[in-house]
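**Q** Here it is, the structure, as structure tokens.
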Amino acid sequence: MEKLALFGGEPVRKQLLPYAKQEIGAADIKAVVQVLASDYITTGPAVDEFEKMFAKKVEAKYAVAVSSGTAALHAACFAAGLQPGDEVITTPITFAASANCILYLGAVPVFADIDSATYNINPTEIKKKITSKTKAIIPVHFTGQPVDMDLIHAIAHQEGVVVIEDAAHAAGARYKGRAIGGLSDMTIFSFHPVKHITTGEGGMITTNDGQLYEKLKMFRNHGITREIDKMSIISGEWYYEQHFLGYNYRMTDIQAALGLSQLSRLAEFITRRQEIVSAYNEAFKDLPPLNTPNVREDCFSSWHLYVITIDVELLGTDRRTVYDALKAENIGVNVHYLPVYHHPYYQRLGYPKGLCGMAEKYYQSCLTLPLFPAMTDLDVFDVIRGVNKVVGFFNKRC
Ligand SMILES: *Cc1c(COP(=O)(O)O)cnc(C)c1O
């Protein structure tokens with residue numbers, strides 16, 4: 001048996017393979033340079049074009065580009081009309097931003113437990129958390145696999161609450177044949193470099209509702225309008241009015257040019273992600289201590305993350321050791337996510353540990369393997385070798 005790098009052996013590769021990374025090509029660079037040489041570098045024609053093309057791609061009527069996925073969540077929560085004291089239901093297995101945006105409005109995040117098969121928010125658990133104060137639901141398409149939106153919409157319809165999909169993992173994903181982006185009141189996307197397409201930092205909100213669209217556009221620009229039919233008086237061409245407290249959440253044309261160029265390669269990126277996923281699934285199907293991801297039949301996952309769960313009893317060691325051993329082999333594994341309410345800030349707000357049993361159990365056993373379109377076949381092979389080496393070592397020992 002090969003000696004683990006963790007115990008001084010030779011690692012499976014010399015250089016650390018990250019868990020995720022952007023893929024920037026010559027066309028991307030050219031697009032950005034073109035904007036730099038043009039008249040507009042902040043919000044201008046490239047932002048308009050990016051919004052138009054993005055909305056088309058995700059089958060939504062409108063899109064509003066903003067400075068980050070987090071800004072997109074903040075804008076969506078504002079446009080939904082959240083007030084202090086309102087409750088919003090979301091999942092604990094997500095990036096903190098999905099819940100922080102609720103707090104930005106003075107509203108209260110309520111965590112509903114996850115489904116044991118998909119690790120997505122469980123609609124049955126959502127029902128249990130509904131109260132007279134519930135104003136919105138923020139489902140997160142974790143890893144790129146769509147949440148069962150028909151069930152979410154049925155609850156939302158019955159209770160009269162707004163649905164904001166956090167699709168930061170799910171650009172290009174489909175639910176029952178329809179694109180994620182035009183299914184709910186609002187859907188948000190992120191263009192952080194680890195996501196499907198990048199603008200450096202950036203985000204988007206999509207909606208089919210014209211009123212929400214207008215509100216979102218004003219929110220990203222201080223709550224200011226220049227449209228004559230919206231103003232209280234008309235006093236000249238220089239004149240504009242601020243109607244509510246917004247922010248500067250604008251995207252630049254430099255970013256939008258990169259986004260447009262990246263968007264044209266979204267399908268290609270997802271295809272490469274799928275190829276890597278198939279190789280992993282095939283390689284790990286006969287490694288009993290590992291559970292490969294479950295995929296719903298009626299969904300098309302965009303595969304942002306490849307998450308395995310480890311049967312730690314069967315393997316005879318904990319996730320921490322497997323993580324450390326793979327990292328020592330130069331395989332950049334990661335963990336998604338610490339249940340949001342375990343963060344010290346949320347603990348201080350009073351959320352008890354043990355709140356969502358399934359999420360906490362999941363957190364003890366989950367591990368994210370590297371997955372990004374620029375991975376070579378050799379990189380994929382290294383990950384498979386590394387996992388086999390580490391799991392083989394602990395399997396044989398017990
Ligand atoms: C990345 C991410 C966000 C935030 O996006 P930023 O662009 O980094 O602000 C929100 N929700 C989820 C689930 C994410 O993965």
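**Q** Please give the calculated 222 nm ellipticity per residue for the chain, where each DSSP H segment of at least 4 residues contributes -39500 (n - 2.57) and the sum is spread over every residue; nearest 500 deg cm²/dmol?
**A** Details: 14 runs with 151 residues, N = 398.
After summing the helix terms and dividing by the residues of the chain, the value is -11500 deg cm²/dmol.
**Q** I would also like to ask the following. Report in % the part of the accessible area of the range 287-349 that belongs to carbon and sulfur, leaving out ligands and nucleic acids; probe 1.4 Å.
**A** 48
**Q** Related question: Counting DSSP beta bridges in the chain, what percent are antiparallel, to the nearest 5?
**A** Working: 24 of 39 bridges.
So the antiparallel bridges amount to about 60 percent of the total.
**Q** Carbon and sulfur together cover what percent of the accessible area of the range 1-84 at a 1.4 Å probe radius? Walk me through the numbers before you get to the answer.
**A** Working: 2570 of 4650 Å².
In the range 1-84, the share of accessible area belonging to carbon and sulfur is 55 percent.
**Q** Still on this structure: Need the full-extension length gain, Tyr239 to Leu378, defined as separation in residues times 0.36 nm minus the C-alpha distance. One decimal, nm. Kindly include the intermediate steps, with their values, before the conclusion.
**A** Numbers: separation 139, 0.36 × 139 = 50.04 nm, distance 5.96 nm.
So the chain would gain 44.1 nm between Tyr239 and Leu378.
**Q** Where in the range 11-84 are there trypsin sites (Lys or Arg not before Pro) that are in a DSSP coil and have at most 11 other Cβ atoms within 10 angstrom of their Cβ? Please report the intermediate quantities before stating the final value.
**A** Values: sites: Arg13, Lys14, Lys21, Lys30, Lys52, Lys56, Lys57, Lys61; in loops: Arg13, Lys14, Lys21, Lys61.
Within the range 11-84, the qualifying trypsin sites (Lys or Arg not before Pro) (loop, at most 11 other Cβ atoms within 10 Å) are Lys14.
**Q** Taking just the alpha-carbon atoms of the range 1-148, what radius of gyration and Dmax come out, in angstrom?
**A** Looking at the range 1-148, its Cα Rg and Dmax stand at 21.2, 63 Å.
**Q** Hey, got the Cα dimensions of the range 68-136 along the principal axes, in Å, largest first?
**A** 32, 30, 14
**Q** On a 0 to 90° scale, report how tilted helix 319-328 is relative to the longest principal axis of the chain, with both axes built from alpha carbons and the result rounded to the nearest 10.
**A** 90
**Q** Report the calculated FRET efficiency for Glu2 and Gln83 (r = Cβ-Cβ distance, R0 = 56 Å), to the nearest 0.05. Don't skip to the end; give the middle numbers.
**A** Numbers: r = 59 Å, r/R0 = 1.06.
Computed FRET efficiency for Glu2 and Gln83: 0.40.
**Q** Also: For the range 245-381, what is the relative contact order in percent, using Cα pairs closer than 8 Å and at least 6 residues apart in sequence? Present the calculation step by step, with values, prior to reporting the outcome.
**A** Numbers: 119 pairs, mean separation 39.1, N = 137.
Value for the range 245-381: 29 percent.
**Q** Which of rounded, prolate, oblate describes the range 15-78, given a ≥ b ≥ c as roots of the alpha-carbon gyration tensor eigenvalues and a/c under 1.5 marking rounded, otherwise prolate only if a/b is larger than b/c?
**A** Working: a/c = 1.80, a/b = 1.13, b/c = 1.59.
Oblate is the answer for the range 15-78, as a/c is 1.5 or above yet b/c matches or exceeds a/b.
**Q** Taking a label point 7 Å from the Cα of Gln34 along the Cα→Cβ vector, which residues of the range 252-283 have an amide N closer than 12 Å to it?
**A** 257-262
**Q** Which values, in whole Å and largest first, are the semi-axes of the equivalent ellipsoid of the range 275-398 obtained as the square root of 5 times each eigenvalue of the Cα gyration tensor?
**A** On the way: eigenvalues 135, 70, 41 Å².
Over the Cα atoms of the range 275-398, the semi-axes work out to 26, 19, 14 Å.
**Q** Stretched out fully, how many nm does the piece from Asn248 to Ala267 gain, at 0.36 nm a residue minus the Cα gap?
**A** Separation in residues times 0.36 nm, less the Cα-Cα distance, equals 3.7 nm.
**Q** Turning to a different aspect of this structure: Please give the contour-minus-distance gain from Val335 to Asn395: 0.36 nm per residue of separation, less the Cα-Cα distance, rounded to one decimal in nm. Write out the running numbers ahead of the final one.
**A** Working: separation 60, 0.36 × 60 = 21.60 nm, distance 2.17 nm.
Answer, rounded to one decimal: 19.4 nm.
**Q** Turning to a different aspect of this structure: If I build a Gaussian network model for the chain, linking alpha-carbon pairs within less than 10 angstrom, which residue out of Gly386, Gly223, Gly25 has the largest mean-square fluctuation?
**A** Gly25
**Q** Enter the accessible area per residue of the range 300-360 (Å², integer; probe 1.4 Å; all protein chains in place). Mind dumping the intermediate values first?
**A** Numbers: 2520 Å² over 61 residues.
Ligands and nucleic acids excluded, the result is 41 Å² per residue.
**Q** Put a dot 7 Å past each Cα toward the Cβ at Glu214 and Ser232; how far apart are the dots in nm?
**A** Label at Ser232, label at Glu214, 1.7 nm between them.
**Q** Cα-Cα over 22 Å: which of Lys195/Lys215; Lys52/Lys215; Lys61/Lys215; Lys135/Lys215; Lys57/Lys176; Lys129/Lys353? Please report the intermediate quantities before stating the final value.
**A** On the way: Lys195/Lys215 26 Å; Lys52/Lys215 17 Å; Lys61/Lys215 15 Å; Lys135/Lys215 18 Å; Lys57/Lys176 16 Å; Lys129/Lys353 17 Å.
Too far apart for the 22 Å limit: Lys195/Lys215.
**Q** Kindly identify the range 102-251 as rounded, prolate or oblate by the Cα gyration tensor criterion: order the square roots of the eigenvalues as a ≥ b ≥ c, call it rounded if a/c is under 1.5, otherwise compare a/b with b/c, prolate if a/b is larger, else oblate.
**A** On the way: a/c = 2.32, a/b = 1.66, b/c = 1.40.
In terms of gyration-tensor shape, prolate.
**Q** Which of Gly316, Leu378, Ala27 sits farthest toward the positive end of the charge dipole of the chain, with +1 on the Cβ of Lys and Arg and -1 on the Cβ of Asp and Glu?
**A** With unit charges placed on the Cβ atoms, the residue in question is Gly316.
**Q** Could you give each residue of the range 158-173 its phi-based ³J(HN,Hα) in whole Hz, using Karplus coefficients 6.51, -1.76, 1.60 with θ = phi - 60°, and x for Gly or Pro?
**A** 5, 9, x, 10, 7, 10, 10, 7, 8, 9, 4, 9, 10, 5, x, 7
**Q** Can you pull out the GluC sites (Glu not before Pro) in the range 190-254 whose DSSP state is coil and whose Cβ has at most 15 other Cβ atoms within 10 Å? Intermediate results must be reported in sequence, preceding the final value.
**A** Details: sites: Glu201, Glu214, Glu227, Glu237, Glu241; in loops: Glu201, Glu227, Glu237.
Sites meeting the loop and neighbour criteria: Glu227, Glu237.
**Q** Go from 0 up to the bin containing the longest alpha carbon distance in the chain, width 20 Å each, and give me the % of pairs per bin.
**A** 27, 54, 18, 1, 0
**Q** Taking 8 Å as the Cα distance limit and 6 or more residues as the minimum spacing, I'd like the relative contact order of the range 36-106 as a percentage.
**A** Details: 38 pairs, mean separation 18.5, N = 71.
Relative contact order here is 26 percent.
**Q** Just want to confirm a number: the relative contact order over the chain, from Cα pairs under 8 angstrom separated by 6+ residues, in percent.
**A** Values: 826 pairs, mean separation 95.3, N = 398.
It comes to 24 percent, rounded to a whole number.
**Q** Which residue, Leu16, Leu260, Leu371, has the most motion in a Gaussian network model of the chain that connects Cα atoms within less than 10 Å?
**A** Top of the fluctuation ranking is Leu16.
The values are calculated or read from the model by the stated rules, or taken from the named source; none is laboratory data. Quick caveat, the model's predicted, so the values are computed rather than measured. Reconstructed Cβ throughout: ideal geometry from the backbone, glycine too, with neighbour counts over all protein chains shown. Surface areas here come from the heavy atoms of the whole protein model, side chains and all, with no ligands, DNA or RNA. Shrake-Rupley method; radii C 1.70, N 1.55, O 1.52, S 1.80 Å.
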